[in-house]
């Protein structure tokens, strides 16, 4: 007990003295230390002082106060307040009430203080504690020592503050809006608590807690201030560790309030601390704002749950960080303007090392409608500004990547693994992708680019490449909703194959159209450009997307046209000019090379059906074809054949066909085929059975156009052409070579109709039977309307050339039998012929017969009246209205039929000048045709000629023998028993010689001439009467001279012998010419045949006939 004596002495002192004596030596240092310690030290000072003042009262009243508290009188409260303020340097404390009691179950003494307020030297509140309770260690109290076991606060405020450097400070503060409180970093606060718990009166403290705590959280970096009420604080003092726990709820703009719990612990006597934060349903953006290493979360709108453990260094800095982060359903949405990207759940286990600035992701899992993956990696935090990293350099490794954006892919796209190298700048909201690699089934996608958040929304720049990938796999990566019809067409119509060297670029700028470009090579693909046509197989080529356009080009490939062969398709191109159009339109430019038969098989499929529509088959021709086809196809569902537009152009070489034109061989070195715009044409130069032609076949194509077609062009017009088509014209009738235009109309079920026209340039024409020729140099006109078929027929033929005008029709014999009949209803040869002419075929080896009916022929202008060769010609048959021989002589109703194989040979009949009936025979001679004319009224024939009128009766025989000179005949005339009556010229003659009896006979019954004979020369210019005589009982007369048939002028002379019955008897003995008597009168007839001048020499009657020839003048000659 000796040791307790000093304590006994102390106990003799008044409580106040004892408290002061014990407190003073310590007060100065304690106050200095507490002042440095701040708000917590002030609070503890109040508690300790109160305890010293009331210790004696507490002991005395212990029994009386069991189970309840007693408020101290005001003088005691004031004494305590004064005592505390005496220990403070400039600060001031105010207390409202103090209560003492034994309210603890263990009957430990408690002190309740209300209205604790601490003011600084400026009289600004720096600490407000509405209510404070402390429990004391009873055993220590009985020994006279004060040691606190618990401290309970209610209604206090706590300041959590982060400065611009990111350092967190903790302090108790005054009311919100009061003066700035002293604070320290978390490490400093725990160090202060460590010092405070080292005080003797605090060594036994177990727990310090606060209820209804108001927590004010301020952040200088963001400017945000958040006030939370009804928070809880608990300080636990263990043997080696101090632990501080703070928990509260945080109301948020949406969703449930966030639950937050912070725990800080520190080993006693050591520097630094450990801080543990646990949170539930905290906004990710708020978490990013508070944890600088996680500031990359500031783009997420999602509730975050998890825990983080931070090692705090002695200077208050975070040395390391570790924990887990669990994000519930939310969105990636950097700004209000940017399109949100939703996700279902994300979780990460992470660690941070402040020394290296590296944030390690031990595991990342992401589950979203668009993306699922598992990843590991790290991010190096760089470019710190006020404790916040402005750059993250990250590397991530992926596994089990599954891409399935809603409406984008036909099925989710998976990758086995991948990697990402990137740089992210949270403040700028800019992500740079140095390299993104995704791998699956041997394919590797490598990408790079940038993603930026612009004021208007997302900005994306991405470039990707694939060295090799299966085409089907590539199409799986094509978003379904990106130009969906184009994608759908490619998926359905490009099958199999491998893609190589694929490259893609994507550019997204807010408020502008998305710009994309894709290119790739492919091989061994099968391209079905139209469902009705055979596909391109073994296709090699490349494809690209640039802007709105898609292009697919074939370098190699082939099309198999059933059994007809293979067409090479290299050089073909497919293009979609605008993939965004509704519907998009595919344009196929196909370039095909191969056999004609294969090309025809292709062109007989829908939508073409060229052969079926034309009634042809693919084996119609042989050769090689090079086809260029443009197909325009709307990329939509249920495409109809009529929706497909096409233009086909083909160059066909070495064309040969023996069936296109029945029975004819077609050949062409080069032909061109065109189809499109509702028309199909085939044209080029070639031959038909060796006859050159240049033709164009065309037809309308399309719905309701039928099978009508047309052939236009030119064909050689020559003897060869006539022989090939077995026209059957006489050899030599056509010579030279020209061309004819043809227009052939072909209709189903109807024989083709053709029209040929020609200017006949270069073609020589000859109709010897008609004496007509056209030189090759001359031009003219030929029109031929032909009905083709097994037996062609010319419905109309018109010729106008070299004075010949003809129109008619021609029929041919069946089975290629040649000409049947050509009928020219009007055939006119200027000045020669104007008749109906029929040319009748007589077989391939015989010349056709020429039948001339009606009309007029001027024989003077035809070769048939000329001498010359008796070479054969076509048979001739005449039924003319008139055959003109001279200006005054014509044969009316001329009918004749002549063979002409060895020259003219036949008979005819006619009426001379329409008055005298005659018959005749034409026989060939070596000098030309000879003619014999007979009549039973020779006198009428003489009268009909106009030489001597009113002659009647008698039989006549006239022969014309060609003399070998052109147009000349030697003639002989014989008439018996002709009677002359009322002949003006003869009357004038008889009047001149005053033979009255003869005049009377002439004007009466007429003068009878028993025999009339004449020899003459017939020329184109007239008649030279070499000798003639006419004798009868009454008189005899001779005549010679000339008669110009053109001018109808005559110059005749002769002798008239009257009383020839007597005179002639002696004349036969003494006269030199037949028809002259012993005596007679010389006469002349000159001038017009219509009124000749008669001249008579009366004295000539005195000259005996034997001497008459001596004085006779030479006969006149015919002059032109």
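Residue-by-condition table, conditions (1) under 58 Å from the mean Cα position of the chain (by Cα); (2) surrounded by fewer than 20 Cβ atoms within 10 Å (Cβ to Cβ); (3) assigned to a strand (DSSP E or B):
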{"position": "773", "(1), (2), (3)": "no, yes, yes"}
{"position": "782", "(1), (2), (3)": "yes, no, yes"}
{"position": "786", "(1), (2), (3)": "yes, no, yes"}
{"position": "798", "(1), (2), (3)": "yes, yes, yes"}
{"position": "808", "(1), (2), (3)": "yes, no, yes"}
{"position": "815", "(1), (2), (3)": "yes, yes, no"}
{"position": "826", "(1), (2), (3)": "no, yes, yes"}
{"position": "834", "(1), (2), (3)": "no, yes, yes"}
{"position": "839", "(1), (2), (3)": "no, no, yes"}
- Item | Among the residues listed as 950, 937, 977, the single one being more than 60 Å from the chain's Cα centre (by Cα) and at negative phi | 937
- Query: Does any residue of the stretch 623-637 turn out to be buried (at least 22 other Cβ atoms within 10 Å of the Cβ) and more than 22 Å from residue 492 (Cβ to Cβ)?
  - Reply: yes
- Item | Count of residues meeting criterion [touching a residue at least 40 places away in the same chain (Cβ under 8 Å) and not in a loop (DSSP other than H, G, I, E, B)] in the stretch 654-667 | 2
- So which residues in the stretch 206-254 are crowded, with 16+ Cβ neighbours inside 10 Å and not in a strand (DSSP E or B), if there are any at all? 221
- Item | Search result, residues across the stretch 350-387 that are part of a strand (DSSP E or B) and out of contact with any strand residue (DSSP E or B) (no Cβ under 9 Å at 6 or more places or on another chain) | 385
- Item | Inter-residue pairs, beta-carbon under 9 Å, first at negative phi and in the same structural domain as residue 288 (by TED's automatic domain parsing) and in the stretch 425-441, second in a loop (DSSP other than H, G, I, E, B) and crowded, with 16+ Cβ neighbours inside 10 Å, 6+ apart | none
- Task: With respect to residue 702, determine if the residue is assigned to a loop (DSSP other than H, G, I, E, B), under 17 Å from residue 647 (Cα atoms) and either over 35 Å from the mean Cα position of the chain (by Cα) or at pLDDT below 85 (or both).
- Result: yes
- Query: Going through the stretch 332-348 one residue at a time, which ones are part of a loop (DSSP other than H, G, I, E, B) and without any contact (Cβ under 8 Å) to a residue 60 or more places away in the chain?
  - Reply: 333, 336, 340, 344
- Report yes if residue 1069 is over 18 Å from residue 978 (Cα atoms), at pLDDT below 75 and surrounded by fewer than 17 Cβ atoms within 10 Å (Cβ to Cβ), otherwise no. yes
- Query: Within the stretch 847-873, how many residues are assigned to a loop (DSSP other than H, G, I, E, B) and either at pLDDT 75 or above or within 60 Å of the chain's Cα centre (by Cα) (or both)?
  - Reply: 2
- Restricting attention to the stretch 524-536, and to residues there that are over 16 Å from the mean Cα position of the chain (by Cα) and buried (at least 17 other Cβ atoms within 10 Å of the Cβ), which single residue is nearest to residue 569 (Cα to Cα)? 536
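Residues checked against (1) in a loop (DSSP other than H, G, I, E, B); (2) at pLDDT below 75; (3) more than 60 Å from the chain's Cα centre (by Cα); (4) more than 17 Å from residue 1013 (Cβ to Cβ):
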site: 1050; (1), (2), (3), (4): no, no, yes, yes
site: 1054; (1), (2), (3), (4): no, no, yes, no
site: 1062; (1), (2), (3), (4): no, yes, yes, yes
site: 1065; (1), (2), (3), (4): no, yes, yes, yes
site: 1087; (1), (2), (3), (4): no, no, yes, yes
site: 1096; (1), (2), (3), (4): no, no, yes, yes
site: 1099; (1), (2), (3), (4): no, yes, yes, yes
- Task: Kindly indicate whether residue 672 is exposed (fewer than 15 other Cβ atoms within 10 Å of the Cβ), modelled with pLDDT of 80 or more and in contact with a strand residue (DSSP E or B) (Cβ under 9 Å, 6 or more places away or on another chain).
- Result: yes
- Message: Out of everything in the stretch 383-398 that is modelled with pLDDT of 90 or more and over 19 Å from residue 304 (Cβ atoms), what residue ends up being surrounded by the most Cβ atoms within 10 Å (Cβ to Cβ)?
- Response: 398
- Task: Just give me the residues in the stretch 109-122 being at pLDDT below 80 and surrounded by fewer than 17 Cβ atoms within 10 Å (Cβ to Cβ), in sequence order.
- Result: 121, 122
- Query: Just a yes or no: is a residue in the stretch 744-761 outside any strand (DSSP E or B) and buried (at least 19 other Cβ atoms within 10 Å of the Cβ)?
  - Reply: yes
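The values are calculated or read from the model by the stated rules, or taken from the named source; none is laboratory data. Predicted model only: the values in this text are computed from it and were never measured. Cβ coordinates were reconstructed from backbone atoms using ideal geometry, including for glycine residues, and neighbour counts include every protein chain displayed.
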